[in-house]
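Each remark here refers to the structure printed beneath this line.
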Amino acid sequence: MRVISILSFSCAAVFAVDASAQPKPPPDTELGTVEVTGSAGVALPKLAVIPLGGDDAESSAILKKDLDRLGVWDVVDDAAMPAGPFSKDDPVDTKAFKAKGISVVVRAKKDATDVAGDAWLIGKGDDPIVKHSVQLGKDPRRAAHALGDKLVSALTGYFGPFDSHLAFTLRTAKGRQVFSSDIDGLDKVAYGNADDTALSPTFGPKGEVWFTVSKSYDPFKLVHGTAATELSLGKPGSVLSVSFSPDRTKLAVAVMKDEASRIYRGNADGTELAPVETPALPNRPVLGPLGKMAYVASGSGGQRVYVDGHTVSPAGFHASAPTFCDSPNGLIVVFTVGVGSGADLVATDTSGGNLRRLTQGHGSNAYPACSPDGRLVAFFSTGAGGKAPGMYVLPVSNPTRIRKLSGEYGDSLAWAR
Amino acid sequence: MSSWFPRVYPRSDVAIAVGVAIVVQGAFIALLARGEPKEVLVDLSDDNAKPVSVAITPVPDDLPMLKLGGKKQPGKLPDMWLKPKASQKKGGDSTPSTKADTEKAPETHGDAGVASDAQSLDPVAGDASTDPVAQNEGSAAGSKTGTETDPLKAHAVDQYRAQLDAWFSARFNIRGKVPWDKLKDLRATVVIDITADRKVGGYDVVKGSGDDTFDDQLYRDLAKVQVSGAVLPPPPESYPDILGTKLRLSFRCSVRAACE
């Protein structure tokens, strides 16, 4: 009893002092003082992927393509690298790479069971500073993407977005159907029936694909999985769109009834749905980081994008398909705006400030989907200047580096691990 | 003292309890005091700039509706990109860097265009023992032990610091407001309070530049950032604690092309 009394008093004293203490000193020892120089640019260090042939060629090519897509490095061509030949086991002549102005060197090699990757930070010794490997499993291509994600994590601190899936709708002979694929447009999976009309695919709990579907002009229902299993929400009307929070524990849906729509928020299992106050005709709710929600609704000058009740899209433009990107540019909202007869992607802060245009002169661009790591935006584009319609991707921090993902051209894109 | 303590607490017990509390508090204070931020200055100037390729946040400065504090022009979207023009040095007080990469000129736009040295791979102080990279690699099969060491964290920190530079630079509108001859020597230090949702909760200009125009613009832009609720870039998920609750910033413009 005596001991308990002493400890209780001691703890009370500690908490009392802690509660009245001054704010903690800055725990930002790694950041130190950040120099704000007036520059809005970030230099791209050069990265080389050592070209290997034979069994290693595919892994090397996938790794190189992924690292180039990321927009974090200037991935150099083979011609800009030191003269080879290179082999999978030879030491890397870091001095030769340094002489070429290359900061990072990566090598991927495959054996019977694994695909392994080494990375060198030039100037930090002759040994690789990162070593990772991934089991080949049934899909060596996917293993190469997963290896890229790991190397990206080690080199940048953010896990890479390449071992992931995209969900989208494509027109069919009689309707619209939801599909998913990997980042290369392969491993395509169909959901529901090709004769139905499907909308708004997204990723829900356990990575399952959710969407809304109408059969024979009946009201749209919320469904999930390849069999399009319905989840009844208990809300009369047509479910136009669906979104899950980043942790997939919360749900938002737009339901239309009697020519009026309403957005509801609740649990991912469809329980405790509560209406959200919005302007007229809300649709396409998107749940984002930090509890934020974006959606489209009527506004001055046409349909506009809102975040937590405030307009973020520019006045006078028809805006649609918002998505959140927790990106190197901060938490931003990317959406489509109508421009002339086409459309382009723009980004703003969640308050609507700092409007930036992400596409221009690349045909009509719509339906942005942010990568799981926030660094990339995938979208559908009609293409321009010899580029065919398809699914493209651009880095948020460097949007001119547009790369093609696949030849699929549809709408309602979502991207998740 | 005994008058307001119940009799069940003898004086000796109270004395022991106070002693234990002081020891524990002292330990807490010692732990908190260890984290004194270290000033890391990145020397950016025309002379040592390395114009490698530059990732540019397209901030269209020819469209006032998009600039902080500008007038809105409804019905016009910003141009996405402006091709860089060859900048002509004024005054001839600097010479082209001999370190320039002649193969690829830096892409510039608006306020951007600084050949930042922020991508330096030089390590900064970090705690290698707490390097969390290996703990956050996801669930992909076949993982073998990583070999990341402190330079990797330094690399990630450098990249994040460059992101913060770009984020605040895009919101600091000093360009054209102070003559270059004066501007190049100005520097102000600010401590930013970061909220749990990564917004600017407050700020304190701990050291002004001494120039009223510079400092007024800094106050004005920081106030706008705070009011706007703009959200800072996320720290690397492998190093989530590097942002902290306070961020020390040094505002200056040492690269003429970016600030004049």
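The values are calculated or read from the model by the stated rules, or taken from the named source; none is laboratory data. Every value quoted in this text rests on a predicted model; they were computed, and no experiment measured them. Heads up, the Cβs are rebuilt from the backbone with ideal geometry, glycines too, and the neighbour counts pull from every protein chain shown.
Is one or more of the residues making up the range B:246-254 facing another protein chain (nearest Cβ under 7 Å) and part of a helix (DSSP H, G or I)? Write out each step before concluding.
Taking the range B:246-254 and keeping what is facing another protein chain (nearest Cβ under 7 Å), we get B:246-254.
Remaining after also requiring part of a helix (DSSP H, G or I): none.
So far as the range B:246-254 goes, no, none of its residues is facing another protein chain (nearest Cβ under 7 Å) and part of a helix (DSSP H, G or I).
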Taking the condition of being touching a Lys or Arg at 6+ places or on another chain (Cβ under 7 Å) and on the phi > 0 side of the Ramachandran plot, how many residues in the range A:282-319 meet it? 1
Given (1) over 29 Å from B:HIS155 (Cα atoms); (2) surrounded by fewer than 18 Cβ atoms within 10 Å (Cβ to Cβ); (3) of a type outside the set (Val, Ile, Thr); (4) under 18 Å from the mean Cα position of the chain (by Cα), index of the condition B:ASP197 fails: (1)
Count of the range A:376-402 residues which are at pLDDT 95 or above and of a type in the set (Lys, Arg): 0
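Quick test for you: out of A:ARG248, A:ARG284, pick the one residue that is of a type in the set (Lys, Arg), in a loop (DSSP other than H, G, I, E, B), away from chain B (no Cβ under 14 Å) and surrounded by 16 or more Cβ atoms within 10 Å (Cβ to Cβ).
Working: A:ARG284 fails: in a loop (DSSP other than H, G, I, E, B).
Among A:ARG248, A:ARG284, only A:ARG248 is of a type in the set (Lys, Arg), in a loop (DSSP other than H, G, I, E, B), away from chain B (no Cβ under 14 Å) and surrounded by 16 or more Cβ atoms within 10 Å (Cβ to Cβ).
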Hey, among the residues in the range A:57-98 that are more than 22 Å from the chain's Cα centre (by Cα) and crowded, with 22+ Cβ neighbours inside 10 Å, which one's nearest to A:ARG141 (Cα to Cα)? A:SER59
If B:ASP241 satisfies all but one of (1) closer than 30 Å to A:GLY160 by Cβ; (2) in contact (Cβ under 8 Å) with a residue 24 or more places away in the chain; (3) facing chain A (nearest Cβ under 7 Å), what's the number of the condition it fails? (2)
From the options A:ASP149, A:ASP195, A:ASP182, A:ASP139, residue that is surrounded by fewer than 23 Cβ atoms within 10 Å (Cβ to Cβ) and either out of contact with any strand residue (DSSP E or B) (no Cβ under 9 Å at 6 or more places or on another chain) or not assigned by TED's automatic domain parsing to the domain that holds A:VAL377 (or both): A:ASP139
Among (1) within 21 Å of A:MET293 (Cα to Cα); (2) in contact (Cβ under 8 Å) with a residue 12 or more places away in the chain; (3) more than 19 Å from the chain's Cα centre (by Cα), there is one condition A:GLY234 misses while meeting the rest; what is its number? (1)
Pairs please, first residue from the range A:130-152 and facing chain B (nearest Cβ under 7 Å) and over 10 Å from A:ALA116 (Cβ atoms), second anywhere and surrounded by fewer than 24 Cβ atoms within 10 Å (Cβ to Cβ) and among the polar types (S, T, N, Q), Cβ atoms under 8 Å, 6+ apart in sequence or on different chains. A:VAL130/B:THR147; A:GLN135/A:THR113; A:LYS150/B:SER143
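Can you confirm whether the range A:150-166 contains a residue that is of a type in the set (Asp, Glu) and part of a strand (DSSP E or B)?
Of the range A:150-166, the ones of a type in the set (Asp, Glu) are A:163.
Still in the list and also part of a strand (DSSP E or B): none.
No - not one qualifying residue is present in the range A:150-166.
Please verify whether A:TYR264 is more than 22 Å from the chain's Cα centre (by Cα), more than 11 Å from chain B (Cβ to nearest Cβ) and among the aromatic types (Phe, Trp, Tyr), treating the condition exactly as stated.
On the way: more than 22 Å from the chain's Cα centre (by Cα): yes; more than 11 Å from chain B (Cβ to nearest Cβ): yes; among the aromatic types (Phe, Trp, Tyr): yes.
So A:TYR264 passes the test.
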Please work out which one of (1) within 22 Å of A:SER243 (Cα to Cα); (2) surrounded by fewer than 23 Cβ atoms within 10 Å (Cβ to Cβ); (3) among the hydrophobic types (A, V, I, L, M, F, W, C) is the condition A:VAL339 fails and give its number. (1)
Going through the range A:295-319 in order, the residues found to be buried (at least 22 other Cβ atoms within 10 Å of the Cβ) and either touching a residue at least 40 places away in the same chain (Cβ under 8 Å) or in a loop (DSSP other than H, G, I, E, B) (or both) are A:TYR295, A:VAL307, A:VAL312, A:SER313, A:PRO314, A:PHE317
Select, from B:ALA170, B:ALA258, the only residue that is under 30 Å from A:PRO372 (Cβ atoms) and either surrounded by 21 or more Cβ atoms within 10 Å (Cβ to Cβ) or of a type in the set (Lys, Arg) (or both). B:ALA170
